[in-house]
Structures are given as C-alpha cells and as structure tokens.
Amino acid sequence: MLYVEPIYRPPSEAGSLLIQATIGCSSAAQGHCYFCGSWLIDRQIPQKKFRVRPARDVIKDLDEAADQMGPGVRRIFLLDSNAMIMRAPELEKISRHAYDRFPALERVSVYACANDILRKSDEDLKRIRRAGITLLYIGLESGNEEVLKLHNKGVTAEEAVQACSRAISAGFEISLTVILGLGGRERSLAHARDTGKILSRIQPHYVGALTLMVVPGLPVEEWIARGEFELLSQEAILVELEEMLGCIETKREIVFRTNHASNYLPLGGTLPGDKERLLATIRDARERRVPLRPEHMRGL
Ligand code: SF4
C-alpha cells in the first residue's frame, strides 16, 4: 500500500483505514493558503507534489488492506488533502469497491476544497454520495472575505456557502474547519463575527476550530517579522472564540469542537443545547478558572 509521508487526517478519523487516493494538495500546488504547512510541503518535498492516483491503484490498495485486515473495517478516509478533486466516476468506483471488500463499512470520507464541489454537477455529487462517500471535511477557515484574500485561500466565503449548500443538498454531511487568530489582531473581531454568520448560513453538521500556528517558512512568519501581522494572545483567542460561537445561529444540531492540538482550550458540545455551557467555559478560561494548554504543548 502506498503512503507518501507526511500524512494528515482529521482528528475524528484516528481509527479509520487511511487509503491514499491523491497525493498532496491541489490548492497548495496553486500557491493558495499561506497559513498552511501544505503550502510549504508542496515546495520542499518533491514526492508530495500534487497528483491524482489512478483508480485502479487505489483499488489495489483496498484489496491489499482487505487481505491484511479482514472484513471488520468500519471507516475509511481517502487521503490526501482533497481527494474530492477526483472525477465522479473514479470516486464512485473506489467507494463502491471499498463497500464490496469491507462488508462492515459504515462510511467513507474525504477532504474537499470548495472548488472541488463547485466544479461537479449536482448529479455527480449525488452519484458520489450514493456510492457511499458520506462525509466531506472542508476548510472554511474564515467567513471574512478580507481574511480569506489575505491568505490567498483561492475561494471566497460566498463560494464556500454555495459549495456547502450544494453538498448538503446532495445528501453529504459536512464538517467545516475554521482557524482562530487567522485575521491577526487587526481583523480579529470581523473574522469572528463573519465566520459565525457564515456558519449560521451554511448550517454544517460539524465545526472544528483550530488556532493559527506559525510554521517556519510560511508567509505569515515574514509578515510578523515585518510588523504587518500581529498574532493573538491566549486571551484574545478566547475573546475571538467567544464572539464566533456567540454569533452562530442554529436551525439544526451542530457539533462544535475545539479538540485540535493547536487550541488553548479544548471544548466539545452540540449546538444549540450546549452553547451556554461552552460560552460559560470560555468566560471561566478567560478568568483563569479553567487551565489552558501551555504554548509548548500545542501542535498541528
Ligand atoms: S488549507 Fe487545505 S486546501 Fe489549503 S493548502 Fe492546506 S491542505 Fe490544501
């Protein structure tokens, strides 16, 4: 089975069988996402240059995994950063084969860029969903257009709304990532409010908040050195989180988590029921009544 390191997967896919369907990230290859380590990996690790594997090779890996692991696999995550870029017939073939080889399989999930969804027709999206790919992890990062532009995200907040609503209409569950601190001090409030508003429009099934970490060599490091970008303090990150969460209006249940290793305050709950409890914990943390993850314990 092929694995091209380094491998990244969502925290909630820790127990899943990982199958490499694409290598690298197509957005990073186009120079998008200045905050993301993939941007650097694409430039520094030639074997991680973005490419799509032929479906027959991915299917061979599924066969090999089935021979080694038996039929008990319940979850599969298709690597790498945006396997959803594959054409619908390929994704369909891979997913159907996965369900054939693993009779206990309950879900196949992938990372998707908003553009991967927008490029597909509604019929293609439904076809992929019917083949058993049920959950898409999408990086929203921010709902503020200026912040997205600053980091060259390559997609606007409005496009992200369109992509997510088409994916939800096609029957997918979606899990969105947002990044605390992404706008720096200057844009913190706008980032928090606009992200909360966009999440309210999208109504995703899951939201995971990360906190910006500065990877050496990324453009953000240079901005900081030039005094053009100011990182948020722990306190300011908590204020941003409180504001963002406070702005999320729910029309259905949304699982909200900050359990990623980059965060100072790990939280988890289901909105709207747990909103007040989560907000109270953030206030307690701001007053140091709840311990925060120390800086040296944060990671990506
Ligand atoms: S944030 Fe996601 S889409 Fe952007 S470069 Fe990183 S992995 Fe790729």
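Descriptive notes on the structure:
- Restricting the range 69-78 to residues that are surrounded by fewer than 22 Cβ atoms within 10 Å (Cβ to Cβ) and modelled with pLDDT of 95 or more, the residue that is nearest to the ligand (Cβ to nearest atom) is Arg75.
- Qualifying residue in the range 52-60 (condition: part of a loop (DSSP other than H, G, I, E, B) and crowded, with 21+ Cβ neighbours inside 10 Å): yes
- Residues that are small (Gly, Ala, Ser) and modelled with pLDDT under 95 are absent from the range 275-283.
- The C-beta contact set for the range 92-117 (first residue in contact (Cβ under 8 Å) with a residue 40 or more places away in the chain and in a strand (DSSP E or B), second residue hydrophobic (A, V, I, L, M, F, W, C) and surrounded by 17 or more Cβ atoms within 10 Å (Cβ to Cβ), distance under 6 angstrom, 6+ apart or interchain) comprises Ser109/Phe77; Ser109/Leu135; Val110/Leu78; Val110/Ala83; Val110/Met84; Ala112/Met84; Ala112/Leu136; Ala112/Ile138.
- Count - residues of the range 160-182 that are closer than 24 Å to Arg130 by Cα and out of contact with any His (no Cβ under 7 Å at 6 or more places or on another chain): 14
- Residue within the range 14-21 that is closer than 24 Å to Leu148 by Cβ, part of a strand (DSSP E or B) and in contact with a strand residue (DSSP E or B) (Cβ under 6 Å, 6 or more places away or on another chain) present: no
- Every residue from the range 191-201 that is under 25 Å from Gly37 (Cβ atoms) and more than 16 Å from the chain's Cα centre (by Cα): His191, Ala192, Asp194
- Test: residue in the range 206-214 that is surrounded by fewer than 22 Cβ atoms within 10 Å (Cβ to Cβ), at pLDDT below 95 and within 14 Å of the ligand (Cβ to nearest atom): no
- Pair list, Cβ under 8 Å, 6 or more apart: the range 154-169 residue in contact (Cβ under 8 Å) with a residue 60 or more places away in the chain, other residue surrounded by fewer than 17 Cβ atoms within 10 Å (Cβ to Cβ) and in a helix (DSSP H, G or I): none
- Listed by first and then second residue, the pairs linking a residue in the range 245-256 that is more than 15 Å from Leu279 (Cα to Cα) and part of a loop (DSSP other than H, G, I, E, B) to a residue that is at pLDDT 95 or above and of a type in the set (Val, Ile, Thr), with Cβ atoms under 6 Å apart and 6 or more places separating them unless they lie on different chains, are Glu253/Thr270.
- When Leu182 is tested against (1) closer than 22 Å to Arg119 by Cβ; (2) within 16 Å of the ligand (Cβ to nearest atom), exactly one condition is not met: (1).
- Filter result (in contact with an Asp or Glu (Cβ under 9 Å, 6 or more places away or on another chain) and without any contact (Cβ under 8 Å) to a residue 24 or more places away in the chain) within the range 180-222: Val214, Glu222
- Within the range 24-51, residues that are within 7 Å of the ligand (Cβ to nearest atom) have Cβ atoms under 6 Å from residues that are among the acidic types (Asp, Glu) in these pairs: Ala28/Asp42, counting only partners at least 6 apart in sequence or on another chain.
- Check on Pro46, surrounded by 14 or more Cβ atoms within 10 Å (Cβ to Cβ), under 29 Å from His151 (Cα atoms), at pLDDT below 95 and not hydrophobic (A, V, I, L, M, F, W, C): no
The values are calculated or read from the model by the stated rules, or taken from the named source; none is laboratory data. The structure presented is a predicted model; accordingly, all values stated were derived computationally and were not measured. Cβ atoms come from the backbone with ideal geometry, glycine included; neighbour counts cover every protein chain shown.
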